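Below is one structure; the comments refer to it alone.
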């Protein structure tokens, strides 16, 4: 819990909020001067640019005053002005530049709203990502999508986060330049897919990540992805697929057969096939004594073990 603001801090926040309010009023007056009987004598474009600048300054002051909702609204107002201006632009290059500016404003609005209004925050971020996609701004898309995916995870929207991680992985992979980045996104997608119980999707994503890492010095990470894919495959209870997948991985690196990860997967597959929960537990315990499982791995192993218990109960 954050400490309560001191008297001086509270007074400064009030001052900043009042300053922001005044800036908003100035922005509205600047816009009002572009309509009405005498509007023909006013440089509308200049007044609109001034209003956008005032709204942006107001948003900054609101954020400092911790009035995040008002900051988001000020940025929304700036976006609306710029969008109306874009509709009147004719030069394609100007349209692209202005549209990217709007997308950046929406990212700023996301950062303001996320503190108090997550639904509004994701509305802004969704529109920002749409803009970055439309105009092919790959780097800006990746930065914004990464922030959005993390925010979705923090709000327990795993499926939404998965979709963004998967899209980032595909975009990085298609660029042909960022294989490591692509692999990282696929790994994040796979981890969430497994926690959601979508084990086939998890296997697919881990295998993509492994294929991207295998040709490089990250081959050890590729093998760890095979191990995680193997655990997810075991969770499906489809032992034929598990066996086929393990053989595929060995075809890419025959030496992996000597690895403890491979041996554990083979042992667990045998225990599951025999419906031997005790043997499963013993193999898991022995491995954990040498190499501690990560929390994600433990969660998947518990699900696999529970599957064995359910199978035992069916024939009890």
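The values are calculated or read from the model by the stated rules, or taken from the named source; none is laboratory data. What you are looking at is a predicted structure, and each value in this text was computed from that prediction instead of being measured. Don't worry about glycine lacking a Cβ; one is built from the backbone with ideal geometry, like all the others, and counts go over all protein chains shown.
Within region 266-297, which residues are within 34 Å of the chain's Cα centre (by Cα) and touching a residue at least 24 places away in the same chain (Cβ under 8 Å)?
Of everything in region 266-297, those that are within 34 Å of the chain's Cα centre (by Cα) and touching a residue at least 24 places away in the same chain (Cβ under 8 Å) turn out to be 268, 269, 287, 290, 291, 296, 297.
Out of 143, 134, report the one residue that is surrounded by fewer than 22 Cβ atoms within 10 Å (Cβ to Cβ), modelled with pLDDT under 95, closer than 24 Å to residue 73 by Cα and in the same structural domain as residue 109 (by TED's automatic domain parsing).
Selected residue: 143, the only one of 143, 134 that is surrounded by fewer than 22 Cβ atoms within 10 Å (Cβ to Cβ), modelled with pLDDT under 95, closer than 24 Å to residue 73 by Cα and in the same structural domain as residue 109 (by TED's automatic domain parsing).
Look through region 87-99, keep the residues that are in a helix (DSSP H, G or I) and touching a helix residue (DSSP H, G or I) at 6+ places or on another chain (Cβ under 7 Å), and return whichever of them is surrounded by the fewest Cβ atoms within 10 Å (Cβ to Cβ).
Among residues in region 87-99 that are in a helix (DSSP H, G or I) and touching a helix residue (DSSP H, G or I) at 6+ places or on another chain (Cβ under 7 Å), the one surrounded by the fewest Cβ atoms within 10 Å (Cβ to Cβ) is 95.
Among the residues of region 66-86, write down those that are buried (at least 19 other Cβ atoms within 10 Å of the Cβ) and assigned to a loop (DSSP other than H, G, I, E, B).
Listed by number, the list holds a single entry, 67.
With a cut-off of at least 2 residues that are touching a helix residue (DSSP H, G or I) at 6+ places or on another chain (Cβ under 9 Å) and touching a residue at least 60 places away in the same chain (Cβ under 8 Å), name the helices (runs of 4 or more DSSP H) lying wholly within region 126-229.
On the way: elements: 138-154, 158-175, 179-195, 199-213.
Helices (runs of 4 or more DSSP H) meeting the threshold: 179-195.
Please indicate, with yes or no, whether at least one residue in region 113-121 is surrounded by fewer than 16 Cβ atoms within 10 Å (Cβ to Cβ) and either in a helix (DSSP H, G or I) or more than 25 Å from the chain's Cα centre (by Cα) (or both).
If we filter region 113-121 for residues that are surrounded by fewer than 16 Cβ atoms within 10 Å (Cβ to Cβ), which is where we start, we get 115-116, 119.
Remaining after also requiring either in a helix (DSSP H, G or I) or more than 25 Å from the chain's Cα centre (by Cα) (or both): 119.
Within region 113-121, one or more residues are surrounded by fewer than 16 Cβ atoms within 10 Å (Cβ to Cβ) and either in a helix (DSSP H, G or I) or more than 25 Å from the chain's Cα centre (by Cα) (or both).
So residue 182 ticks every box in (1) within 21 Å of residue 111 (Cα to Cα); (2) crowded, with 22+ Cβ neighbours inside 10 Å but one. Which box is left unticked?
Just one mismatch for residue 182, condition (1).
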